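Engineer: Below you will find the structure I want to go over with you.
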Amino acid sequence: MIIQTKNVDFFYGAFRALTDVTLDFKKNRVTALIGPSGCGKSTLLRLLNRMNDLIDGTRVEGEILFEGQNIYAPNADPVEIRQRIGMVFQKPNPFPKSIFNNITYAPKLAGIRDRGEIEALVEESLKRAVLWDEVKDILTKSAMTLSGGQQQRLCIARALAMKPDVILMDEPTSALDPISTAKIEELIDTLKKHYTIIIVTHNMQQAARISEYTGFFYMGKLIEFNVTEKIFTNPDAKQTEDYITGRFG
Amino acid sequence: MNGQPTHSLMKWRYIKQGVFFGVVRFAALIITLALLGIIVFLLAHGWRAITWDFLTLSPMDSMTKGGIMPAIVGTFYLTVGAIIVALPLGVVSAIYLTEYAKQGLFIRIIRVGVNCLAGVPSVVFGLFGLGFFVVFLKFGSSILAGALTLGFLILPTIIGAAEEALKAVPQTFREASLALGVSKWRTISRIVLPSALPGILTGAILGVGRAAGETAPIMFTAAAFFTSVLPRSVFDEVMALPYHIYVLATAGTHIEQTRPLQYGTALVLIALVLGVDLVAIVLRSMVRRKKRW
Amino acid sequence: MCAVAGSKPAVPAKPKKRTIMESRKRALTSRVREIIIKNLFAFLAFISVLLLGLIVLFLFREGLPIFKQISVSQFLFGSAWYPTYNPPEYGIWPLIVGSVIVTVLSCLIAVPFGLLAAVYISEIAPARIKEILKSIIELLAGLPSVVLGFFGMVILAPWMQETFDLPTGLNIVNASVMLAVMAIPTISSISEDALYAVPREYKEASYALGATKYETIAKVAIPAALSGISTAVILGMARAIGETMVVLMVAGGSAAIPRGLFDSVRPMPASIAAEMGEAPFQSGHYHALFATGIVLFFITLAFNLVADHISNRFKEEGSGTL
């Protein structure tokens, strides 16, 4: 158990986006969050590394524990939390800097100054993200020159470089073509040995292919959480069944 | 898992942030104080000078006594003249740039031209007005020459504001009208312009404020040192508030003696210009709040 | 084509029976009208460019005759400006130096303040304060320059003279401070636009990587907005170098090359504004002042073209490697 949410409610102003979400994420497993648009799955994901702090007028109730500590406790520091819980976004968002400097951004902020250590870290991260062979000769080039799929893998490498324990992925392949999507899925499969991965996806085949656990959300509520196979073959809730069989959503 | 020194490093990072935020807030505070300081100072020294006589009489006794009525009237004429020149031309230019023009050399030239025109120093506009309107077209130093010079000075401001207002009109409005078989010009005049009108008006008001406060462009083209009579045609010279301040404060033998008049005139000018600007700002925020698209 | 005159376009007009010939005729006149309007508007929009040309033309017409008397390099680099002596001397080098010094010094003050204010407005301030501060900066931009000059003259100058025990309070520092007040709104509002245009995704990426707000601003937002910020600085400088009334009233007016920051100077715009009234029509002095206007015009034109170039280049490519 690496992350636990306990009776989490979330509000955008007066709008209630999540209701009483209680959920355990297991260490070094891939957990998928699925559900129709606006069901709150992305909102929950962004709560896990306190990215929703950046939006004005939001409010969280309940507890979210990371390794037993409430990350919404008054003395919890969102910056430290985000260093340990990385995030990959829907649209690839590399900085308009060189490939090298994209990777070194977080480690440098975390105080790593040694050139050799940094170079080793860049190589290791890019290798783990299976991008090294494609970019090793153009590390000083702008990240903006890469293709969309490469940019997304760079963003994954960038997140890996700060040595997180958890990686949150918010529909990471929705802006990519099928070939790039397959590469990212393969990558997720290799990463799960070392990292806990939580992925939001609107693509149910993808959830079925890559995840071990799946949570189904509807109208801000967690309807069902179980082993992926069970969710996709024999769900308990009628709503889940309707959704995965394509009756709505 | 960033090793042990994380905690002291984090502290250091937050200290840096705190210092930076402090500096930033300080800068914002100083700017605010600068504006307030100038206004408060002029108010404190000038309010005593503002009387009914001051606003309605002509200067007397070689401008050591009396009021500033001719300067108020002159500034009014010049400003109205400038907006008559700049508003139609500016709006039409903006319509062309946003609605008709396609990417290309011609439009690029116009854009660069407008940008460069916006950057021409006001004193150079004054020289141009002198060389072109006063001397070449033989308007003489007159309301006409001054208003034209000021009008061209604020033209880029008007174009910019009108363009912004036009761009803010949703594309779907245009498409809806065009899809009904309505011609482009009618779409613009019936749909686009009315929607953009408040924004254009804001720009025009800001232009008025700018024109009313300018000195250098009218020094050689319109402004008179002193006239006791009000202008009777557009070919007459006029007094103007900004120039009057300059004259009282720098020229003549009674600089110290006329200080109250200088403060009073500055106060009237600043109240006029900032009042006009404030109207524009409030109008704009009202428009933004009301907007439902 | 059923553009019936007078009907509201959003409400379909009642279909009146019309012969084919009639509606063809209408369509034709409508098309002709469209073409006329388009070309008329294109011409009117082009007036801005014509105007720029006219400005150049008339500056040259009234300014070039001075070069029958002296050479261009004598004019630009001559160190004596005695236009009313006999024989007169028309060297504007001291005026150029005066302009450059007050401009550079005013930007040293205005750039940090303008930039920090922009950062505060776009990244840090709560919504309410942000609106108020934006209005304040807009009002500051609206202050008539003659009022700022007046303020510098009657308040700042006596204060400086007394505090620093100077022969005069009308000097470079005073002029630079007042010019900075004029340049701050330009720098701040353009920088703020540039910061605002930085995609939210960059900032989110930075936060998600465990950066603090300060680090996100300093290492992501400002670098990404750098082209816009440079444009802002250049336009701020252009504003300062072309500003007239402030330097006319508070720079002191001495047409000599200054030796210290508390010396008085006579920047180009001040010289033009102060002397044009006295210069006999189409005399050497008159032409020399127009020629000074030419120099001023081309300096600001260069600044504006550079600013335009920077903002366009980055619009097309994105901000590349930083």
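The values are calculated or read from the model by the stated rules, or taken from the named source; none is laboratory data. Every value quoted in this text rests on a predicted model; they were computed, and no experiment measured them. Note that each Cβ is placed from the backbone with ideal geometry, even for glycine, and that neighbours are counted across all protein chains shown. Side chains are part of the model used for accessible areas, which takes the heavy atoms of the whole protein and leaves out ligands, DNA and RNA. Shrake-Rupley method; radii C 1.70, N 1.55, O 1.52, S 1.80 Å.
Engineer: Would you be able to tell me the number of residues in the range A:151-174 that are under 24 Å from A:Tyr105 (Cα atoms) and open to solvent by 20 Å² or more (accessible area, probe 1.4 Å)? Can you show your working first?
Structural biologist: We begin by selecting, within the range A:151-174, every residue under 24 Å from A:Tyr105 (Cα atoms); these are A:151-173.
Okay, now just the ones that are also open to solvent by 20 Å² or more (accessible area, probe 1.4 Å), so A:151, A:163, A:171.
Residues that pass the stated criteria total 3.
Engineer: Please verify whether the range B:3-16 includes one or more residues that are among the small types (Gly, Ala, Ser) and modelled with pLDDT of 90 or more.
Structural biologist: So in the range B:3-16, the residues among the small types (Gly, Ala, Ser) come out as B:3, B:8.
When the remaining residues are screened for being modelled with pLDDT of 90 or more, the result is none.
So far as the range B:3-16 goes, no, none of its residues is among the small types (Gly, Ala, Ser) and modelled with pLDDT of 90 or more.
Engineer: Name the residues in the range C:113-153 that are facing another protein chain (nearest Cβ under 8 Å), of a type outside the set (A, V, I, L, M, F, W, C) and under 30 Å from B:Leu248 (Cβ atoms), would you?
Structural biologist: Selection gives C:Glu138, C:Gly142, C:Pro144, C:Ser145, C:Gly149.
Engineer: Let me ask another. Among the residues of the range B:145-156 satisfying the criterion of being within 11 Å of the chain's Cα centre (by Cα) and away from chain C (no Cβ under 11 Å), which is farthest from B:Ile95 (Cα to Cα)?
Structural biologist: Looking at the filtered set, the residue picked out is B:Leu150.
Engineer: Scan (1) farther than 25 Å from B:Asn115 by Cα; (2) not assigned by TED's automatic domain parsing to the domain that holds C:Val247; (3) not charged (D, E, K, R) for the single condition C:Val49 breaks and write down its number.
Structural biologist: (1)
Engineer: Let me ask something additional. Of everything in the range B:80-104, what is closer than 20 Å to C:Ile35 by Cα and either hydrophobic (A, V, I, L, M, F, W, C) or outside any helix (DSSP H, G or I) (or both)? Give them in sequence order.
Structural biologist: B:Leu89, B:Val91, B:Val92, B:Ala94, B:Ile95, B:Leu97, B:Ala101, B:Lys102, B:Gln103, B:Gly104 - these are the residues of the range B:80-104 that are closer than 20 Å to C:Ile35 by Cα and either hydrophobic (A, V, I, L, M, F, W, C) or outside any helix (DSSP H, G or I) (or both).
Engineer: Anything in the range A:52-87 that is within 14 Å of chain C (Cβ to nearest Cβ) and either buried (at least 23 other Cβ atoms within 10 Å of the Cβ) or part of a loop (DSSP other than H, G, I, E, B) (or both)? List them, or say none.
Structural biologist: Listed by number, the residues that qualify are A:Ile55, A:Asp56, A:Gly57, A:Ile71, A:Ala76, A:Asp77, A:Arg82, A:Gln83, A:Ile85, A:Gly86, A:Met87.
Engineer: How do the helices (runs of 4 or more DSSP H) wholly within the range C:154-267 filter down when requiring 1 or more residues that are away from chain B (no Cβ under 12 Å): which remain?
Structural biologist: Working: elements: C:157-163, C:172-196, C:200-208, C:213-216, C:226-242, C:245-250.
Result: C:157-163, C:172-196, C:200-208, C:226-242.
Engineer: Checking B:Ala27 against (1) without any contact (Cβ under 8 Å) to a residue 40 or more places away in the chain; (2) surrounded by fewer than 19 Cβ atoms within 10 Å (Cβ to Cβ), only one condition comes out false. Which one?
Structural biologist: Failing condition for B:Ala27: (2).
Engineer: Report every pair of residues separated by at least 6 positions or lying on different chains whose Cβ atoms are under 7 Å apart, first residue within the range B:105-123 and more than 27 Å from C:Met249 (Cβ to Cβ) and free of Cβ contacts under 8 Å to residues at least 60 places away in the same chain, second small (Gly, Ala, Ser) and not in a helix (DSSP H, G or I).
Structural biologist: Close Cβ pairs satisfying both conditions: B:Ile107/B:Ala101.
Engineer: Can you work out which of the residues in the range B:238-278 that are under 26 Å from B:Gly207 (Cα atoms) and open to solvent by 40 Å² or more (accessible area, probe 1.4 Å) is nearest to the other protein chains (Cβ to nearest Cβ)?
Structural biologist: Step by step, filter the range B:238-278, then rank; the result is B:Leu278.
Engineer: Are any residues in the range A:111-136 in contact (Cβ under 8 Å) with a residue 40 or more places away in the chain and crowded, with 23+ Cβ neighbours inside 10 Å, and if so, which ones? Lay out the reasoning, then the answer.
Structural biologist: Here is the first cut: in the range A:111-136, the ones in contact (Cβ under 8 Å) with a residue 40 or more places away in the chain are A:121, A:128-130.
Listed by number, the list holds a single entry, A:Ala129.
Engineer: If A:Gly111 meets every condition in (1) modelled with pLDDT of 90 or more; (2) in a loop (DSSP other than H, G, I, E, B) apart from one, which number is that one?
Structural biologist: Evaluating A:Gly111 over (1) modelled with pLDDT of 90 or more; (2) in a loop (DSSP other than H, G, I, E, B) leaves (1) as the failure.
Engineer: Could you please find all residues in the range A:137-150 being surrounded by fewer than 24 Cβ atoms within 10 Å (Cβ to Cβ), of a type outside the set (Lys, Arg) and not in a strand (DSSP E or B)?
Structural biologist: A:Asp137, A:Ile138, A:Leu139, A:Thr140, A:Met144, A:Thr145, A:Leu146, A:Ser147, A:Gly148, A:Gly149, A:Gln150 - these are the residues of the range A:137-150 that are surrounded by fewer than 24 Cβ atoms within 10 Å (Cβ to Cβ), of a type outside the set (Lys, Arg) and not in a strand (DSSP E or B).
Engineer: So B:Arg232 ticks every box in (1) over 21 Å from B:Leu89 (Cβ atoms); (2) more than 12 Å from every other protein chain (Cβ to nearest Cβ); (3) assigned to a helix (DSSP H, G or I) but one. Which box is left unticked?
Structural biologist: Just one mismatch for B:Arg232, condition (3).
Engineer: How many residues are among the charged types (D, E, K, R) and part of a loop (DSSP other than H, G, I, E, B) if we restrict to the range C:268-282? I'd like the intermediate steps shown before the answer.
Structural biologist: Of the range C:268-282, the ones among the charged types (D, E, K, R) are C:275, C:278.
Within this subset, residues satisfying the condition of being part of a loop (DSSP other than H, G, I, E, B) are C:278.
Of the residues in the range C:268-282, 1 are among the charged types (D, E, K, R) and part of a loop (DSSP other than H, G, I, E, B).
Engineer: Evaluate the range B:165-172: report whether one residue or more is of a type in the set (S, T, N, Q) and within 12 Å of chain C (Cβ to nearest Cβ).
Structural biologist: Kept after step one, since they are of a type in the set (S, T, N, Q), are these residues of the range B:165-172: B:171-172.
From what is left, the residues that are within 12 Å of chain C (Cβ to nearest Cβ) are none.
No, the conditions are met nowhere in the range B:165-172.
Engineer: So which of B:Phe220, B:Phe235 is open to solvent by 50 Å² or more (accessible area, probe 1.4 Å) and touching a helix residue (DSSP H, G or I) at 6+ places or on another chain (Cβ under 8 Å)?
Structural biologist: On the way: B:Phe220 fails: open to solvent by 50 Å² or more (accessible area, probe 1.4 Å).
Result of the check over B:Phe220, B:Phe235: B:Phe235.
Engineer: Could you tell me whether any residue of the range B:51-64 is in a helix (DSSP H, G or I), touching a residue at least 40 places away in the same chain (Cβ under 8 Å), open to solvent by 60 Å² or more (accessible area, probe 1.4 Å) and not aliphatic (A, V, I, L, M)? Before you say what the answer is, go through the steps one by one.
Structural biologist: Of the range B:51-64, the ones in a helix (DSSP H, G or I) are B:52-56.
Add one more test, that the residue is touching a residue at least 40 places away in the same chain (Cβ under 8 Å), and what stays is B:54-55.
Narrowing further to those that are open to solvent by 60 Å² or more (accessible area, probe 1.4 Å): none.
Checked against the condition, which is being in a helix (DSSP H, G or I), touching a residue at least 40 places away in the same chain (Cβ under 8 Å), open to solvent by 60 Å² or more (accessible area, probe 1.4 Å) and not aliphatic (A, V, I, L, M), the range B:51-64 yields no hits at all.
Engineer: Is it the case that C:Leu76 is assigned by TED's automatic domain parsing to the domain that holds C:Ala288, within 26 Å of B:Phe132 (Cβ to Cβ) and of a type in the set (A, V, I, L, M)? Step through it out loud before you land on a result.
Structural biologist: Numbers: assigned by TED's automatic domain parsing to the domain that holds C:Ala288: yes; within 26 Å of B:Phe132 (Cβ to Cβ): yes; of a type in the set (A, V, I, L, M): yes.
The answer is yes for C:Leu76.
Engineer: Another question, then. Under 8 Å between Cβ atoms, at least 6 apart or on separate chains: pull out the pairs that start in the range C:51-70 with a residue that is more than 8 Å from chain B (Cβ to nearest Cβ) and over 24 Å from B:Leu89 (Cβ atoms) and end on any residue that is among the aromatic types (Phe, Trp, Tyr) and open to solvent by less than 10 Å² (accessible area, probe 1.4 Å).
Structural biologist: Short answer, once both residue conditions are applied: C:Gly63/C:Phe290; C:Ile66/C:Phe75; C:Ile66/C:Phe290; C:Phe67/C:Phe75.
Engineer: Quick check on the range B:76-87. Is at least one of its residues under 17 Å from B:Val247 (Cβ atoms), away from chain C (no Cβ under 14 Å) and open to solvent by less than 50 Å² (accessible area, probe 1.4 Å)?
Structural biologist: Step one: filter the range B:76-87 for residues under 17 Å from B:Val247 (Cβ atoms), giving B:78.
Still in the list and also away from chain C (no Cβ under 14 Å): none.
No, the range B:76-87 contains no residue that is under 17 Å from B:Val247 (Cβ atoms), away from chain C (no Cβ under 14 Å) and open to solvent by less than 50 Å² (accessible area, probe 1.4 Å).
Engineer: One residue is enough: does the range A:179-188 have a residue meeting the conditions modelled with pLDDT under 95, surrounded by fewer than 21 Cβ atoms within 10 Å (Cβ to Cβ), under 20 Å from the mean Cα position of the chain (by Cα) and aliphatic (A, V, I, L, M)?
Structural biologist: The answer is yes, given that some residue of the range A:179-188 is modelled with pLDDT under 95, surrounded by fewer than 21 Cβ atoms within 10 Å (Cβ to Cβ), under 20 Å from the mean Cα position of the chain (by Cα) and aliphatic (A, V, I, L, M).
Engineer: May I ask you to say which residue of A:Leu33, A:Leu45, A:Leu23 is part of a helix (DSSP H, G or I) and closer than 17 Å to A:Met169 by Cβ?
Structural biologist: Result: A:Leu45 is the single residue among A:Leu33, A:Leu45, A:Leu23 that is part of a helix (DSSP H, G or I) and closer than 17 Å to A:Met169 by Cβ.
Engineer: Got at least one residue in the range B:5-26 being under 26 Å from B:Arg210 (Cβ atoms), away from chain C (no Cβ under 14 Å) and in a loop (DSSP other than H, G, I, E, B)?
Structural biologist: First pass over the range B:5-26, keeping only residues under 26 Å from B:Arg210 (Cβ atoms): none.
Among the residues of the range B:5-26, not one is under 26 Å from B:Arg210 (Cβ atoms), away from chain C (no Cβ under 14 Å) and in a loop (DSSP other than H, G, I, E, B), which makes the answer no.
Engineer: Which is modelled with pLDDT of 90 or more, closer than 13 Å to B:Thr79 by Cα and open to solvent by 10 Å² or more (accessible area, probe 1.4 Å), of B:Ile200, B:Ile205? It would help to see each step written out before you state the result.
Structural biologist: Working: B:Ile200 fails: closer than 13 Å to B:Thr79 by Cα.
None of the others qualify; the one that does is B:Ile205.
Engineer: What residue, among those in the range C:140-175 that are of a type in the set (Val, Ile, Thr) and over 28 Å from the mean Cα position of the chain (by Cα), is surrounded by the most Cβ atoms within 10 Å (Cβ to Cβ)? Spell out how you get there, then give the answer.
Structural biologist: Taking the range C:140-175 first, the residues of a type in the set (Val, Ile, Thr) are C:146-147, C:154-155, C:163, C:168, C:172-173.
Pick out the ones that are also over 28 Å from the mean Cα position of the chain (by Cα) and you get C:163, C:168.
Numbers: C:Thr163: 9, C:Thr168: 15.
The residue in question is C:Thr168.
Engineer: For the range A:193-203, give me each residue that is open to solvent by 40 Å² or more (accessible area, probe 1.4 Å) and either among the hydrophobic types (A, V, I, L, M, F, W, C) or touching a helix residue (DSSP H, G or I) at 6+ places or on another chain (Cβ under 6 Å) (or both).
Structural biologist: The initial filter retains those residues of the range A:193-203 that are open to solvent by 40 Å² or more (accessible area, probe 1.4 Å), namely A:193-194, A:202-203.
None; the set is empty.
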